[in-house]
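Structure, as structure tokens:
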Amino acid sequence: MSFGLSPEHLRTLRALNSPARIQRLIDALPYQYGNTAWSPQRALRERKGHCLEGALLAAAALRVNGFPPLLMDLEAVHDDDHVLALYRERGLGGSIANANVAGLRFRSPIYRTLRELALSYFEQYYNLRGERTLRSYSRPVNLARLDDRHWMTSDEDVWCVPELLIAARHYPLFPDRVARGLSRLDRRSFEAGMHGWTKH
């Protein structure tokens with residue numbers, strides 16, 4: 001199936017026949033800051049994208065290679081949310097993601113549960129004040145539900161995707177009383193984790 005993709009873009013995505021190869025394509029995209037929600041086809045055409053657009057592109061590449069197009073939202077306080085494309089191999093889960101810092105990108109398929117996967121992002125998930133900001137994760141969202149909205153190919157912003165992610169049930173990673181006691185990141189860890197960050 002072409003899923004409505006152009007022959008050129010379909011060939012590009014089918015050549016990415018492993019999650020690691022998909023991540024390499026995502027890593028090669030310049031990170032853009034903007035209030036946009038580009039479809040995978042438009043992100044390929046423009047050759048750039050932010051967190052949501054990287055996850056959408058990864059989900060499309062996974063889909064044309066036989067995986068379901070699943071996304072998960074990581075919800076934060078005093079910070080941006082983060083979106084992951086999910087995949088499973090040999091019964092274990094991993095993720096593909098675009099981020100302007102190194103620590104919030106790829107995860108190998110070693111996680112038994114979504115909570116384990118979400119927690120793997122906790123230490124690298126902090127804001128410019130050094131506050132650890134990750135709080136919850138969503139249930140997986142299957143983008144096949146949005147095929148009639150042409151999420152893979154639309155030239156218009158596909159705001160239906162973030163709307164579906166926001167509406168998905170979210171699960172807290174720990175109680176509020178634990179969150180209130182979290183310490184800030186130390187300076188060395190903060191600086192190491194900011195690799196790749198550019199001001200916008």
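The values are calculated or read from the model by the stated rules, or taken from the named source; none is laboratory data. Please read these numbers as outputs of a predicted model, since none were measured by experiment. Neighbour counts are summed over all protein chains in view; Cβ atoms, including those assigned to glycine, are modelled from backbone coordinates with ideal geometry. Keep in mind that these areas ignore ligands, DNA and RNA; they rest on the heavy atoms of the full protein, side chains included. Shrake-Rupley method; radii C 1.70, N 1.55, O 1.52, S 1.80 Å.
Details
- Test result for HIS170, in contact (Cβ under 8 Å) with a residue 40 or more places away in the chain and open to solvent by 70 Å² or more (accessible area, probe 1.4 Å): no
- Pairs with Cβ under 8 Å, 6+ apart, first in the range 138-157 and among the polar types (S, T, N, Q), second assigned to a strand (DSSP E or B): SER138/MET72; SER138/ASP73; SER138/LEU74; SER138/GLU75; SER138/HIS170; SER138/TYR171; ASN142/LEU70
- Positions within the range 38-74 being assigned to a loop (DSSP other than H, G, I, E, B) and either out of contact with any helix residue (DSSP H, G or I) (no Cβ under 6 Å at 6 or more places or on another chain) or open to solvent by 40 Å² or more (accessible area, probe 1.4 Å) (or both), in sequence order: SER39, ARG47, LYS48, HIS50, ASN65, GLY66, PHE67, PRO68
- When the range 20-37 is filtered for residues that are free of Cβ contacts under 8 Å to residues at least 60 places away in the same chain, open to solvent by less than 40 Å² (accessible area, probe 1.4 Å) and in a helix (DSSP H, G or I), only LEU25 remains.
- Any hit, the range 98-108, residues being open to solvent by 30 Å² or more (accessible area, probe 1.4 Å) and among the aromatic types (Phe, Trp, Tyr): yes
- Test: ASP157 is within 20 Å of TYR87 (Cα to Cα), at pLDDT 95 or above and either out of contact with any Pro (no Cβ under 7 Å at 6 or more places or on another chain) or open to solvent by 40 Å² or more (accessible area, probe 1.4 Å) (or both): no
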